[in-house]
Structure formats: C-alpha cells, structure tokens
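Chemist: For reference, the structure I am asking about is given below.
The values are calculated or read from the model by the stated rules, or taken from the named source; none is laboratory data. Predicted, not measured: the structure shown is a model, and the values here were computed from it. Cβ sites come from the backbone with ideal geometry, for glycine too, and all protein chains shown count toward neighbours. Side chains included, ligands, DNA and RNA excluded: accessible areas come from the protein's heavy atoms. Shrake-Rupley method; radii C 1.70, N 1.55, O 1.52, S 1.80 Å.
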Amino acid sequence: MFQSASSSPLDTFLVCGLGSLGQHCVLALKEFEIKIVAIEQNKPKIWEIPQVPSLIDSLLIGDCRQVSILQQANIDRCRSALLVTTSEQVNVETALAIRQLNPHTRLVMRSAKDNLNELLSDYLGNFIAYEPTQLPATAFTLAALGTETKGMFTLDGERLQVIQRRILSQDRWCKTRLLHELQSRNRRLLMVNGNFDLSLTNFHQWMPNATVQAGDIITYIEMVDTSYLQPFTSYAKNDRETSENPLNFRQKVHKIKNFWQNTWHHNVRQQGRRVAVICGLSVLMLWIIGTILLLVTYKGTTPLSAFSATAILLLGGYADLFGEFQEIDSIPPWLQLFSLGMTLAGTAFVGVLYALLTETLLSAKFNFTPNRPTIPQQNHIVVVGTGRVGQRVATLLQDFKQSLVVIALQSDVNGNILPNIPLITGNLPETLTQVYLHQAKSLVIVTDDEILNLEVALMAKRLNLDSHLVIRTSGLGLSQQMTQLLPNAQILGAYAVAAEVFAGAAFGENIVNLFRLGHQTILVTEYEIEANDTLDGLLLSEVAYGYGIVPILHQKPPSKAILMPSDDIRLSAGDRMVILATSEALQRIEQGKQNLSEKCYYLHVEKAFTEDSIFEGANIIVRISGCPLNTARTLMNHLPSCLEIPLYKHQGLRLVRALSKIQVKSCLLQ
C-alpha cells in the first residue's frame, strides 16, 4: 500500500535502462517528487526527452547486472527498481541480483514472457512484469471503434465498461433525471460535459442536483452483461416454429431438392469435385448393372461371386476372367463385349478418381496458408502493422465482432498470423486503395516505425478526408508535432501510456488495466490496505472526493467483493479496493492525508417532524459523515443546529437527500 515517501526507510527509486520507455518512466516518477537513481550502459548522446537529465538525482554509467554498480546506486535504500532495458535477459539477471542484495525492493520488470514472469513472481516476491507495447492495445482498439465505449475490463469475473455519450433531446434521461439519480448499484457517474482535460485530476466536478439536459456529454462506468459479445441468433425460435408447423410431403420434397441443387452448384465452382461425383456415380451404376447381369445369366452364381467378378472387371481385370485364347461357349458374346466395355469404362473412371485423390492429398499436404475471408468493402476497420500491438488490436477488434482487414509490411509477412482475418501485403499506396479505405470506418496505424506511421496517416488523409485515424507513436516530440499536424486524429504514445503503469506499479500497487479519457490515461488500480497507511480509517467518500478518484470495488476478506460499493464504507487494514485514478491522483495518495482536498461544507439541520426522524436522523448522520454517535444525537436533540464536522459537497448533498426521506429538513452551508 502507498505510504508517505518521507516516512519510508526506502526513499529511492531505481531505473535501469534509459531508452524511450526508461525516459518516460523517469518523467512519470518525478511527478511524485521522489529521488531517482538511473543506470545506463552508455550515456545517451541525444536525449529523447531533453528534461530527463535534470530529473535524475544520480546517473550511473555501467552494467546494471553488476553487484558493484547496484551497490553504488544504494540498492539497500531503493524502494522500487524499474527494469526497463530492451533486453529481457538483462532485466531478469538484474532482478535476480537485486533480490540477493535487497529482499524488500519492489521489482517492476519489462518482459513479454508470461510464464517466466509468473515463476519469477513466485520465486522473488514483490515482483510484477509488463510488456509495454501491449499495455495500450485496448486503448488503440477502443479508439478505433469510435463508439461510446471508452474502456472495458473485467474484475472478479464481472465485465465493466466506461461509456461516454451525448444526451439527445429524445433521450429517456433528458430533462427527466437529476445527475445523482444516474448513480445506481450497477453504475457510477464519472464526469459531465466532457470537462476532462490535462489539468483536471478530479472526477467529481459535476452538480448532483442538476437536471440532465440535451447536449450534455456524460461519462460513466457500469456493469454489463457479457452476452452482448455473442452474435444474435434466432435458432430457438426457428426450431419452435418447425416443431409447431410440421412440413407436408411436398414441402419436404422441395426442401430436399433445394439442398441437392445448392450442393451441386457449390460443386460446380470446384470442377474437381464435380468430376469426382460423376465418376463415382458412373462406377456405382456399372457395378450394380454388372452384378445383376451375372446373377441373371448364371443361375448358380451367388450374389457375392457376381459382386466380386464385377469389381474385378471394373478394376481392369478382364484378362483375369477371359484370359485364355480359346472360344468360350459358356459365356454369351454380348456379355463378353459388355464385360470388355465395363473394364474400359471402369479403368477410365477409377483412373480419374485416383488422380483426383492424389491431387487432393498433395494440395492438403502443401497448402500451409489457409484461405482467408474476403476483404470487406464498407464500414470496416483497417489495421496497418502486424507486430505485437497490431496482432493484439486485430484480435480484440475481432472479439468485438468488427469487420476489419489487416495490412502487413513486407518484413512482417507470415502466413500463419491472424488466419481468420483478411490480410493484404504489398506496396502501401496500392494496398490502401485495395482495402477500400474511402469506405472504411477507422484506420489504425500501429507499426514499430513512427515515420512510417506518419507517412501512412498522411496518405490516408489524402485518400479519405473523413477517415478516423488512430496513430501509434513512441517519442514525445513526434507525438506533439503529429497532434498539431493531424488535430482530429487520436495520437497514442505507447511508451508514455505504459510509463504511467510502470510508475504506478513502482509504489507497490497492481495496475489492473488502463483506458483513455480525452488526453488522460485512467489507471484501474488495486490496493491492499495496510495498518497506518494513507487510506486506513477513511470513509470511501473521503477517499473518492478527497483524492479525486472513483472506488469501483471493495472487499473485506473473507467476504465477497462488492462492485460499485457504498460511499459509507470505512476502510481498515486487510481491505481490498480497486479504483479509477489518474497518475496525479495516485501521486496525491502517495504523499499522504495532508493532500486530501479540503472539506468546505457544513450540514445545517432545521427541523425533524417526528420522534422517529430524530432517532433515524442521528444514525444517518453517523453513517454518511463518519462523526461519533454522541455528536449526532446531541445535534438532533437540539434543533435547529449545525454539524461542526466539515463535509465534501457530494457527501453533504447526499446526506441532505437521505435526511429528507425520513422527514428531516436540512440544508448544506458553505
């Protein structure tokens, strides 16, 4: 759990590797006003982020795997170590070396090997690993959809989604609901009117008693049913109708006729199958006719003998039955001629079947690339790039049942990737026209080459000025320039987003997921409350409004976790909590209770209309405000009176509404 950095004996954060991700991690960590020590193999000649050198308190040049270098970095005083070099081997060796020197340091490692990461977590303890290129994949996917859904993740088996929608005049909420009424057991309101920008760190800047109006942009998180991911079918209805209305004989005949016609037309498209069907039927007919003729001609012949003799003739065995050079009086001449004709026909037909069978086997053996679906022509999503991010984005879009096509670079060509998705390779200007870009809903550009991403984006704007662009970048400078060049595009810096996750994880918390709202990254963060930490003893309402976060899960083991918990729960040691927060909000939590927003509102109780209202009113005041019971009893027994304990605005208004339900008149004063 977060503790004040000043009170912790481990007051330093170590960053191993100052590549693009490492520099972004330094930038994210320094927002927490902590001491940073960095280790780099070679001092960078040009810094991607120019201000990084001034943010590092101590820079060591050397191999971070060496014990001497780690000792120079005062690893015994390091609270966390971020191992973010581009080499997974270096990161793993450094993690093992650090754990030998300091068993308490938090290890946050860059790695894509899930199985190894799980094993290291069990072995090293206080360890977590992320793959930075895959962390923003969900953000790219949701940006590509261009829908109301801004985030989606799963907590304890329940799926939650973040929705941002514009209220229309015909909306059922318009002018019929107050904003606080949108809150429910399955929903939490995050913001209204899209006022979430780079300077805003508080979710709760909306008026609870305001009426929902047309044009409002409302963002909320809610629990959803996972069945929406399944395609709609009406099989049950059709089965029911069939059982209740049995087909008559003519309908059955017509149904069978249509089946065979469809099957035949399908085979016409593949001439090999058509020839195979004709040859097979011909051989079968000759076999039946030959067997019948032998049985009729020779009364003493058994069916098995006639069947076998016909098979021998069809397989080219005429000489086996009529091979002697002499007149055969017992066999009629017409039967001999028919047998010869059957042998010739059987040899031809069986030869064709053998040839088709051989061709089929060879095709199955050497056809390693499966047939892909056809390229969609309208209202689809185009993904450029088939690296880790591109494949992950394409897979997620497929899970969302989206029509899409993937463009692969020549260097990325691999027939086995994304086998169930249309994929095209070739010259970029040509491929952009081949994927019907002018009819596409979105274009997602996620190659590893930033300049190539910019080039594709500019070509796309030339071909389709209305296309929704989602562009992946790595460097901070190019991201800013592209934002100015393409103001309507969504520019997502992969390393900038990932660095916020690494920085949050460095303080000991588990970053469950992330999503983007406007230009902000929202971290879904899990907490384990410890005794005497910054959250111990606070009400959830105080945590929410004081730090500007949104609690979405609370669990008091061994009880079951509660999604969208009540604001009146008081946190204690051992509790588990999951919140939505920006990195700035996490910084405030880290710095302690002195950074809680000030409570500026007071409850004034004017009158209680019944004796029961006096009793219940005191209980409600205790539950929502957190004040002692004797204070609430004294207040309710000496009305009118004012509660001397300050409240947050949302907390106080909820208290006024709760009191009004039990016939207690009150108001909120500032």
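Chemist: Restricting attention to the range 510-549, which residues are part of a helix (DSSP H, G or I) and open to solvent by 10 Å² or more (accessible area, probe 1.4 Å)?
Modeler: Listed by number, the residues that qualify are E542, Y545.
Chemist: Restricting the search to the range 461-509, which residues are assigned to a helix (DSSP H, G or I), open to solvent by less than 20 Å² (accessible area, probe 1.4 Å) and not small (G, A, S)?
Modeler: Result: M482, V497, V501, F502.
Chemist: Mind checking which residues of the range 147-178 are over 11 Å from F515 (Cβ atoms), modelled with pLDDT under 85 and either open to solvent by less than 10 Å² (accessible area, probe 1.4 Å) or of a type in the set (K, R) (or both)?
Modeler: none
Chemist: Okay, moving on. Name every residue in the range 616-635 that is free of Cβ contacts under 8 Å to residues at least 12 places away in the same chain, within 46 Å of the chain's Cα centre (by Cα) and open to solvent by 60 Å² or more (accessible area, probe 1.4 Å), in order of residue number.
Modeler: P628
Chemist: Taking F32 and the conditions (1) outside any helix (DSSP H, G or I); (2) within 28 Å of Q520 (Cβ to Cβ); (3) modelled with pLDDT of 90 or more, which numbered condition does it fall short on, given that it satisfies the others?
Modeler: Exception for F32: condition (3).
Chemist: So I421 passes all but one of these: (1) closer than 16 Å to Q378 by Cα; (2) part of a loop (DSSP other than H, G, I, E, B); (3) out of contact with any helix residue (DSSP H, G or I) (no Cβ under 6 Å at 6 or more places or on another chain). Which condition number does it fail?
Modeler: Condition not satisfied by I421: (3).
Chemist: For L540, which of the numbered conditions (1) at pLDDT 85 or above; (2) more than 17 Å from L553 (Cα to Cα); (3) touching a strand residue (DSSP E or B) at 6+ places or on another chain (Cβ under 6 Å) fails to hold?
Modeler: Every listed condition holds for L540 apart from (2).
Chemist: Which pairs do you get when a residue that is closer than 26 Å to E88 by Cβ and among the charged types (D, E, K, R), found in the range 9-38, comes within reach of a residue that is part of a strand (DSSP E or B) and open to solvent by 10 Å² or more (accessible area, probe 1.4 Å), reach meaning Cβ atoms under 7 angstrom, with the pair 6+ apart or on two chains?
Modeler: That search, which allows pairs on different chains as well, returns nothing.
Chemist: So which residues in the range 62-73 are touching a residue at least 24 places away in the same chain (Cβ under 8 Å), surrounded by fewer than 16 Cβ atoms within 10 Å (Cβ to Cβ) and closer than 14 Å to V37 by Cβ, if there are any at all?
Modeler: Result: Q71, single match.
Chemist: Looking at the range 130-146, can you tell me whether even one residue there is farther than 25 Å from Q490 by Cβ and open to solvent by 60 Å² or more (accessible area, probe 1.4 Å)?
Modeler: No.
Chemist: Can you name the residue in the range 588-615 that is over 38 Å from the mean Cα position of the chain (by Cα) and part of a helix (DSSP H, G or I) and is also surrounded by the fewest Cβ atoms within 10 Å (Cβ to Cβ) among such residues?
Modeler: This residue is E611.
Chemist: Mind telling me which of the residues L428, L437 ends up being open to solvent by 20 Å² or more (accessible area, probe 1.4 Å) and aliphatic (A, V, I, L, M)?
Modeler: L428
Chemist: Hey, could you check the range 556-574 for residues that are of a type outside the set (G, A, S) and open to solvent by less than 40 Å² (accessible area, probe 1.4 Å) and say which is nearest to D156 (Cα to Cα)?
Modeler: Checked the range 556-574; the qualifying residue nearest to D156 (Cα to Cα) is L563.
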